[in-house]
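Quick notes on the structure that follows.
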Amino acid sequence: MGGDGPEVVFLSNPLADPVRWSEPVRPRLQALGYRVTTFEHRCVGLDWRSAVACATEFVRSQPDPVAVVGWSQGGAVAQEVALALPEHVTCAALLATYGRQNEVDKTFQECWDLLAQGGDELAPLRLAMSLLTAFPPARLADDTFVARMRQTGSESAGRPDPARRRRSAQFIATYQDRLEALTRVRVPTLVMAFALDADTFARRAREVAEAIPDADFMELPGLGHAAPISDPDRVWPPVLEFLQRHHTDRTARGA
């Protein structure tokens, strides 16, 4: 949807609707003439390679090379698509991405597995876990913000769809350490970290930036994992500038 210029594809975790988290930036991209597509992997296999295969099949089917943008697990998918299809990807913007799993993430996933099995009685725990991993302390100390999240946070507090949860969890469980492989990415890459990210952590995004040759790296202070939604005016302008440098009609069509 949007203009008739080069295409930007948003890649996402099955539990994070790409239509929602890309909403702040899509109109800006369309105003610049970009076509915008949101893509969520829904493959038969549950491992990370199956998820990436779904995304690469879609990207390969597009008539011209695309830019890929991914947040969190979507960032991991985007970096693998960029690695697999350099002739079909002009550039990649990776937000809160990671190239390996760590011990705290294993702990989080065990917690999420238990919370996913419970009913409405666990809704307060699911909401608390979501708030603590998504937002920085300053936002959590804002009573107005937290009250609004308590009233409107049914998506965070509700029991996740079992199939979506399985796809997300198995991607995480099988995507153990890809940093060495990422040294072979050859497309222009922006890696953006959020300094107070308590989910995927800025350090892991920095590791990806250090692995990918000539990657641009930004760490935005004071922001948490959900910054693309909570602080769009800080997150998206650098992404737009990056896309305008590396993803034009000329680069996408090889003119």
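Only the coordinates and a few stated rules stand behind these numbers; no lab work does. Note that the structure is a prediction, hence the values are computed from the model and not measured. In this analysis, Cβ positions are derived from the backbone assuming ideal geometry, glycine residues included, and neighbour counts consider all displayed protein chains.
D by Stokes-Einstein for the stretch 103-168, Kirkwood Rh over Cα pairs, 20 °C, 1.002 mPa s: 170 µm²/s.
Please report, in debye to the nearest 20, how large the charge dipole of the chain is about its Cα centre when each Lys and Arg carries +1 at its beta carbon and each Asp and Glu carries -1 there. Walk me through the numbers on the way to the answer.
Numbers: 28 positive and 33 negative charges, 62 e Å.
Roughly 300 debye, rounded to the nearest 20.
Using only alpha carbon pairs under 8 Å that are at least six residues apart, calculate the relative contact order of the stretch 103-168 and give it in whole percent.
Relative CO of the stretch 103-168 lands at 44 percent.
Applying Stokes-Einstein at 10 °C and 1.306 mPa s to the Kirkwood radius of the chain, computed over alpha-carbon pairs, gives a translational diffusion coefficient of 86 µm² s⁻¹. The Cβ shell under 13 Å around Leu182 holds other residues with a net charge of 0, Lys and Arg each +1, Asp and Glu each -1. Using a 4.7 Å Cβ-Cβ cutoff, the cysteines of the chain lacking any partner cysteine are Cys91, Cys111. Springs between Cα atoms under 10 Å define the GNM used for the chain, and in it the highest mean-square fluctuation of Asp143, Asp197, Asp113 occurs at Asp143. The mean sequence distance of close C-alpha pairs (under 8 Å, at least 6 residues apart), as a share of the length of the chain, puts its relative contact order at 23 percent. In the chain, the DSSP-assigned H stretches of four residues or longer account for a calculated mean residue ellipticity at 222 nm of -14500 deg cm²/dmol, using -39500 (n - 2.57) per stretch and the full residue count as denominator. Per residue, the convex hull spanned by the Cα atoms of the stretch 1-110 measures out at 102 cubic angstrom. Based on C-alpha pairs under 8 angstrom that are at least 6 apart in sequence, the stretch 176-247 has a relative contact order of 33 percent.
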